[in-house]
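Structure record follows, encoded as structure tokens.
The values are calculated or read from the model by the stated rules, or taken from the named source; none is laboratory data. Keep in mind that what you see is a predicted model, and the values were worked out from it rather than measured. Glycine also receives a Cβ, built like all others from the backbone with ideal geometry; neighbour counts cover every protein chain displayed.
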Amino acid sequence: MKPNETEPAPGGTERVKRGVPEGMWLRCPQCKATVFRKEAEKRLNVCPDCDYHFYLPARERIRQLLDEDSFEEWFTDLAPCDPLEFKDRVPYAERLRAEQGKTGMLDAAVVGRGFVRGRPVVFGVTDFAFMAGSMGSVVGEKLTRAAEEATRSRLPLILVSGSGGGARMQEGILSLMQMAKVSSALARFDQAGGLYVSILTNPTMGGVAASFALQGDLTLAEPGALIGFAGKRTIKNTVRLELPEGFQTSEFLFQHGFIDRIVHRKDLRTEIARIIDYCER
Ligand SMILES: [Zn+2]
């Protein structure tokens, strides 16, 4: 019996979109192969057949990029609230509780301090599994404080974006102002001579792409990541032109000078260390 007959193929793009589905097998959304989960995990959650980079939870990203047990997490008590008492299909407060239960996180960002091959850094990551990694007050505040700590301690700042959700509409203007707030903190960090390396992963969209994710001194991206501001359909309906094939992928953006380098997940850690050495000397 073929593996995908023992259980419904977990792939369906719908489910892959919201993180790696549970089960022994994964379906690769790129080459459609059925992949043994353990095999993908051994390769840092990359498809063994076509190199598709699967979703990676924040904790796993920290484990892959930072030296073992070197991460010290900051601001762990920052929790989201619901000042607008926003309600779409479900009340925001209820949605938050559900996302917290599902992910074990209070909100979508994790920041702190750690080491990359022995080099101290301030590190932050946004996790797609929590409300598509969207930036509300907590994500904005954590990233701002991370930039401020990096400024104070004169350490390189490394941020990994996995934010397909952009700004978090459930927090309205309080969410939108995070774009300006994080950007200001990054500008002060830049004026102080700090090194900021931004790493874009699949997907990085909307208000996140329009703020901190694309303000790095160096912008790296994982292969095949979806990166952009508005979605393809929205742009098409607005400009009414045929859009180039794959215009919101890492590869297209690299060719057009929008990002500096595409780095395979297995090389990211070494690449960050190399960049720090190159820039800090
Ligand atoms: Zn594949």
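The condition (being surrounded by fewer than 20 Cβ atoms within 10 Å (Cβ to Cβ), at pLDDT 95 or above and among the hydrophobic types (A, V, I, L, M, F, W, C)) is satisfied by just one residue among Ala109, Ala187: Ala187. Would a scan of region 62-83 turn up a residue that is modelled with pLDDT under 95, more than 20 Å from Ser163 (Cα to Cα), surrounded by fewer than 17 Cβ atoms within 10 Å (Cβ to Cβ) and over 19 Å from the mean Cα position of the chain (by Cα)? Looking through region 62-83, at least one residue is modelled with pLDDT under 95, more than 20 Å from Ser163 (Cα to Cα), surrounded by fewer than 17 Cβ atoms within 10 Å (Cβ to Cβ) and over 19 Å from the mean Cα position of the chain (by Cα). Could you tell me whether any residue of region 122-131 is farther than 26 Å from Asp82 by Cα and surrounded by 23 or more Cβ atoms within 10 Å (Cβ to Cβ)? Within region 122-131, one or more residues are farther than 26 Å from Asp82 by Cα and surrounded by 23 or more Cβ atoms within 10 Å (Cβ to Cβ).
In region 24-39, which residues are surrounded by 15 or more Cβ atoms within 10 Å (Cβ to Cβ), more than 9 Å from the ligand (Cβ to nearest atom) and not in a strand (DSSP E or B)? Arg37 - this is the single residue of region 24-39 that is surrounded by 15 or more Cβ atoms within 10 Å (Cβ to Cβ), more than 9 Å from the ligand (Cβ to nearest atom) and not in a strand (DSSP E or B).
Kindly indicate whether any position in region 149-159 is modelled with pLDDT of 95 or more, within 12 Å of the chain's Cα centre (by Cα) and over 22 Å from Gly101 (Cα atoms). Scanning region 149-159, I find at least one residue that is modelled with pLDDT of 95 or more, within 12 Å of the chain's Cα centre (by Cα) and over 22 Å from Gly101 (Cα atoms), so the answer is yes. Return the total of residues in region 41-90 being closer than 16 Å to Arg269 by Cβ, of a type outside the set (A, V, I, L, M) and within 16 Å of the ligand (Cβ to nearest atom). The total comes to 3.
Applying a threshold of 7 Å to beta carbon distances and a minimum spacing of six or more residues, or different chains, the list of pairs starting in region 144-156 at a residue that is over 22 Å from Arg269 (Cβ atoms) and ending at one that is among the β-branched types (Val, Ile, Thr) and in a helix (DSSP H, G or I) reads Thr144/Val182.
With respect to being closer than 19 Å to Asp217 by Cβ, small (Gly, Ala, Ser) and surrounded by fewer than 19 Cβ atoms within 10 Å (Cβ to Cβ), Ala192 fits the description.
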